[in-house]
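**Student:** This is the structure I want to talk about, given as structure tokens.
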2 protein chains.
Amino acid sequence: MPNHSNRGDEVPHSPIRSLLPFAKAAKAKGRHIFHLNIGQPDIETPPQALEAVRSATEKIVGYGPSEGIPSLREVVARYYQKFDANLSSEDVYVTTGASEAILFTLLTCCDQNDEVIIPEPFYANYLGFAQMGTIRIVPLTTTLEKKFQLPEPEAFEKLITPKTKAIFLCNPGNPTGQLYSRSDLEKLMALVKRHDLYLIVDEVYREFCYGKEFTSVLSFEGMEEHVIVIDSISKVFSSCGARVGYLITKNKDIQRIVNKYAQLRLCPPYFGQQLAEVCYQFSEEYIEKAKAEYDRRRHVLYEGLRSIEGVNCYLPDAAFYNMVELPVADAAHFCKWLLTDFELDGNTVMLAPADGFYFHKELGKRQVRVAYILNENDLREALNCLREALRQYLLIFGKVEDGILQQSETFSK
Amino acid sequence: MPNHSNRGDEVPHSPIRSLLPFAKAAKAKGRHIFHLNIGQPDIETPPQALEAVRSATEKIVGYGPSEGIPSLREVVARYYQKFDANLSSEDVYVTTGASEAILFTLLTCCDQNDEVIIPEPFYANYLGFAQMGTIRIVPLTTTLEKKFQLPEPEAFEKLITPKTKAIFLCNPGNPTGQLYSRSDLEKLMALVKRHDLYLIVDEVYREFCYGKEFTSVLSFEGMEEHVIVIDSISKVFSSCGARVGYLITKNKDIQRIVNKYAQLRLCPPYFGQQLAEVCYQFSEEYIEKAKAEYDRRRHVLYEGLRSIEGVNCYLPDAAFYNMVELPVADAAHFCKWLLTDFELDGNTVMLAPADGFYFHKELGKRQVRVAYILNENDLREALNCLREALRQYLLIFGKVEDGILQQSETFSK
């Protein structure tokens, strides 16, 4: 048998999807799973957009333009006015989900062994896409104690080497739910400019900020050559399966290269683009409603988690995630156990072990990412499940207090 | 301004899409263009499949499984029985077009600087995807004189080095329309096995073989560990914009790695998969009709081209392309001139310069790829256009005879 590539071995497993076989087995046993593990909202896709797909009259689903359907690019450029970004449609490249935008961005900015600084914990797939291009991710650790705030520019500066090509942020944050303020970002801009770096910002959760204002890096004047924004309709319009994202930049040089990558894969999916275009027509009301819903859930989750002994968490400012520290020695083991060994009235909970979101895996060993993408009732039931599961788990495997495992008598793993 | 990556400069321009700005300008002048340059069929997408998309009732377009919707994978596995391939649904990975299948395959088989042998001319984007993974393409030249037949195993063997990981074929051939016979492929299998290589075959045109039988490499026994097939609904079901392709292999080791790449980009497009699944229900009648149509066009094109003085072509056995040598010194210049300077009753023709399909660009300098994807009437009109355009062009720029440019008095370029 031929040997597959070494890089194939190095592709990280998805921390969100690697528990799927256990979930499948649990479902086969008739168990109901509350999915708090994945950013798949239960909010309905805008019905008018679905209707547009259903009432389309085309007879041939042909190739579209590589850079995306012109009318969609225009609509998206206009939408950004809301965030004080002055875009033309040529600044918007439609991609096959944010995933493809991330890959194109990294390949366009970085050669092999170039470095990109990213605050950790970060969206796990950044690592996979960097690995596809043999690009080094240089993590800058942020902590739950400080609610994963943006580090000071000096902390970034310490990591800059001649190989550094970009700083890559996720704002609002997945998996942390943190929101960077305008002044935080302004300070970082100066650094980016001084070292002539790219600033890549994944803003896919921008519409879900609770009580605080979101600042898009596209709104900063004089940063046009530096800024590349990743976007997607997946979360904002609850359309994860449509596979429509965007790569947005005013840098003409980057546009020229991205155009070649876009041509290489021919075009983004047709139906998804059709859907997307209509989404923006009804965006204001739709988004307000979705945001209010997530905000309620955010409080339900936070209050619920806080009331569980030994759980360390915070109230996130944005997105629909929360990083939570559990009183367990190995959160990944707990997450698996939830699927293989636990049930409460036929239910269990699926969580994402946080180590997958850390470059330094050990930092996330006791944390999980919880997505509040279920309705309030389900969320309350899921929290009950989690509370009971933790009680049982700690009895069997022992509890971590002050960082030290208090082993129970029946401990075995 | 930061410097974009060097690899960004190296991404090849699409030979099919790089003339687009000139086409756009021609259209803006009110000119009608007969598009013989791109493999975008004018045959209708199966109406029952479009109807399935239109009558879908889902309320949330959520993430699907990374490896594709299970029912689609099953349908595709069954479809392959027609080609004596014994597949289970786990052998079929749904990808975002064949494009993504090519990228995943190359990254899974090859590390940086590994080599893949491909007969040239080849589908230009192979080069781009290889470049994304810093993989070397080693071309094995085939010629128009020999109708681009598969070279003997000895010719492949001469190119094998310790870095060689795979042989990559396109069968039936884009851009050549050639069809490899079972015995040709069998001879190559022995070589692949002896050197323990992967055999990657892009079979997206398999349904369009005229009078000769198609052999899928999936039908060869004992080659399960070596064979990876690329497929797509784009051409067979005239659904290029749906972005649904497949990576098919029985090699469990490859499946394991591909699974990780698939998880990285989350899932293939939802609507396209919905469409695809229904396509296979009506495939037999639909494909027979499409094939008969292409076959007629194939003859129209061939007879038309043959009747133009100085044009060198052959009757292709499969797909819907023909590589054609023109009596011009620079086919790319001619293709551009068609768009910028020529018209016949308001019409012109768009062709794909063939140099983009060659690794050794000079080999394709006088050739174009012609796609017979227009209906007979349009095809005849396009041929008339081409005939007149060549007449005028040769008067201005001179004619190539026996490889030597006979300059006209008015030659200027």
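The numbers here are math on the coordinates, done by the rules we state, and not lab data. On a predicted model such as this, the values are computed, not experimentally measured, just so you know. Note that we place each Cβ from the backbone using ideal geometry, even for glycine, and neighbour counts take in every protein chain shown.
**Student:** Packing-wise, with mean Cβ within 10 Å as the measure, how do B:157-167, B:31-41 rank, highest first?
**Tutor:** So the peptides B:157-167, B:31-41, ranked by packing, come out B:31-41, B:157-167.
**Student:** How far apart, in nm, are the 7 Å Cα→Cβ label points at B:Gln149 and A:Ala28?
**Tutor:** Once both label points are built, they end up 5.2 nm from each other.
**Student:** Here is a further query. What does the highest-first list of B:74-80, A:116-122 look like by mean Cβ count within 10 Å?
**Tutor:** The packing order, highest mean first, is A:116-122, B:74-80.
**Student:** Can I ask one more? Given bins 10 angstrom wide, list per bin the percent of all Cα-Cα distances in the range A:17-62, short to long.
**Tutor:** 19, 28, 20, 27, 5
**Student:** Just tell me how shielded B:109-116 is by partners: mean number of partner chain Cβ atoms within 10 Å of each residue's Cβ, no decimals.
**Tutor:** Average per residue, whole number: 3.
**Student:** Taking chain A as a Gaussian network, Cα atoms linked when under 10 Å apart, which of A:Pro46, A:Pro268, A:Pro12 shows the biggest mean-square fluctuation?
**Tutor:** Ranking A:Pro46, A:Pro268, A:Pro12 by mean-square fluctuation puts A:Pro12 first.
**Student:** With chain A treated as a Gaussian network of Cα nodes joined by springs under 10 Å, which of A:Tyr372, A:Tyr286, A:Tyr123 yields the largest mean-square fluctuation?
**Tutor:** Highest fluctuation of the listed residues: A:Tyr286.
**Student:** Please state the relative contact order of chain A as a whole percent: Cα pairs under 8 Å, 6+ residues apart?
**Tutor:** After rounding, I find 23 percent.
**Student:** Show that you can apply the helix-only estimate: for the protein assembly as shown, add -39,500 (n - 2.57) for every DSSP H stretch of four or more residues, divide by all residues, and state [θ] at 222 nm to the nearest 500.
**Tutor:** Roughly -11500 deg cm²/dmol at 222 nm, from the helical runs in the protein assembly as shown.
**Student:** Roughly how compact is the range A:356-411, stated as its Cα Rg over 2.2 N^0.38 Å to two decimals?
**Tutor:** The range A:356-411 yields a ratio of 1.40.
**Student:** Determine the relative contact order of the range B:20-110: mean sequence separation of Cα pairs under 8 Å and six or more apart, normalised by residue count, in whole percent.
**Tutor:** Relative CO of the range B:20-110 lands at 17 percent.
**Student:** Counting only other chains, what is the mean number of Cβ atoms within 10 angstrom of the Cβ of each residue in peptide A:235-241?
**Tutor:** That works out to 5 on average.
**Student:** Measuring from a point 7 Å out along Cα→Cβ, what nm distances, shortest first, does B:Gln112 have to its partners in the other copies?
**Tutor:** Here the equivalent label points are 0.4 nm apart from this one.
**Student:** What number results when the radius of gyration of chain A, computed over Cα atoms, is divided by 2.2 N^0.38 Å?
**Tutor:** Cα Rg divided by the expected 2.2 N^0.38 Å: 1.00.
**Student:** Pull up all non-local amide H partners of B:Gln40: gap of 5 or more, or a different chain, and H-to-H distance under 5 Å with H placed in the peptide plane.
**Tutor:** none
**Student:** Take the Cβ-Cβ distance between A:Phe282 and A:Lys158 as r, set R0 to 56 Å, and report the resulting FRET efficiency rounded to the nearest 0.05.
**Tutor:** 0.75
**Student:** May I ask what percent, to the nearest 5, of DSSP beta bridges between residues of the protein assembly as shown are antiparallel?
**Tutor:** Approximately 50 percent, going by the DSSP bridge assignments.
**Student:** Then there is this: Would you please state the base-10 log of I(q)/I(0) at q = 0.10, 0.19 1/Å for the range B:229-373, with intensities from the Debye formula using one equal scatterer on every alpha carbon?
**Tutor:** Values, matching the q order: -0.54, -1.15.
**Student:** If you don't mind, there's one more thing I want to ask. How large is the convex hull of the Cα atoms of the range B:101-247 per residue, expressed in Å³ as a whole number?
**Tutor:** Once divided by residue count, the hull of the range B:101-247 is 108 Å³.
**Student:** When the Debye formula is applied to the Cα atoms of the range A:55-101, each taken as the same point scatterer, what base-10 log of I(q)/I(0) results at q = 0.23, 0.24 Å⁻¹?
**Tutor:** Log10 of I(q)/I(0), two decimals: -0.89, -0.93.
**Student:** Sticking with this structure for a sec: Given label points at 7 Å from Cα along Cα→Cβ, what nm distances, shortest first, separate A:Gln149 from the same residue in every other copy?
**Tutor:** Its label point is 7.5 nm from the equivalent points in the other copies.
**Student:** Ok, one more. Residues with beta-carbon under 13 Å from that of B:Ser183, excluding B:Ser183: net charge, scoring Lys, Arg +1 and Asp, Glu -1?
**Tutor:** Residues close to B:Ser183 contribute a combined charge of -1.
**Student:** Further, regarding this structure: Between B:Pro151, B:Gly173, B:Cys109, whose Cα lies farthest towards the positive end of the dipole of the range B:98-233 when Lys and Arg beta carbons carry +1 and Asp and Glu beta carbons carry -1, centred on the Cα centre?
**Tutor:** Of the candidates, B:Pro151 comes out farthest on the positive side.
**Student:** Among B:Gln81, B:Tyr198, B:Ser18, which residue has its Cα furthest toward the positive end of the charge dipole of chain B, with +1 on Lys/Arg Cβ and -1 on Asp/Glu Cβ?
**Tutor:** B:Ser18
**Student:** Send over the semi-axes of the protein assembly as shown's equivalent ellipsoid, whole angstrom and largest first, taken as the square roots of 5 times the C-alpha gyration tensor eigenvalues.
**Tutor:** 49, 29, 25
**Student:** Please work out how much length the chain gains when fully extended from A:Lys252 to A:Ile404, using 0.36 nm per residue of separation minus the C-alpha to C-alpha distance, in nm with one decimal.
**Tutor:** Separation in residues times 0.36 nm, less the Cα-Cα distance, equals 49.3 nm.
**Student:** A further question on this structure: Rounded to two decimals, what ratio of Rg to Rh does the range A:21-169 give with C-alpha atoms and a Kirkwood Rh?
**Tutor:** That ratio is 1.05, to two decimals.
**Student:** Moving on to the next point. How many partner chain Cβ atoms sit within 10 Å of a residue's Cβ in peptide A:125-134, on average, as a whole number?
**Tutor:** 3
**Student:** Let me ask you something else. Which value, in debye to the nearest 20, describes the size of the charge dipole of the range B:47-281 about its Cα centre when Lys and Arg Cβ atoms bear +1, Asp and Glu Cβ atoms bear -1, and nothing else is charged?
**Tutor:** Result for the range B:47-281 is approximately 340 debye, rounded to the nearest 20.
**Student:** Let me ask another. Can you list the copy-to-copy distances for B:Glu90, using a point 7 angstrom from Cα toward Cβ, in nanometres, shortest first?
**Tutor:** Computed spacing set for this position: 5.2 nm.
**Student:** Another question, if that's okay. If I build a Gaussian network model for chain B, linking alpha-carbon pairs within less than 10 angstrom, which residue out of B:Leu266, B:Leu351, B:Leu339 has the largest mean-square fluctuation?
**Tutor:** Ranking B:Leu266, B:Leu351, B:Leu339 by mean-square fluctuation puts B:Leu266 first.
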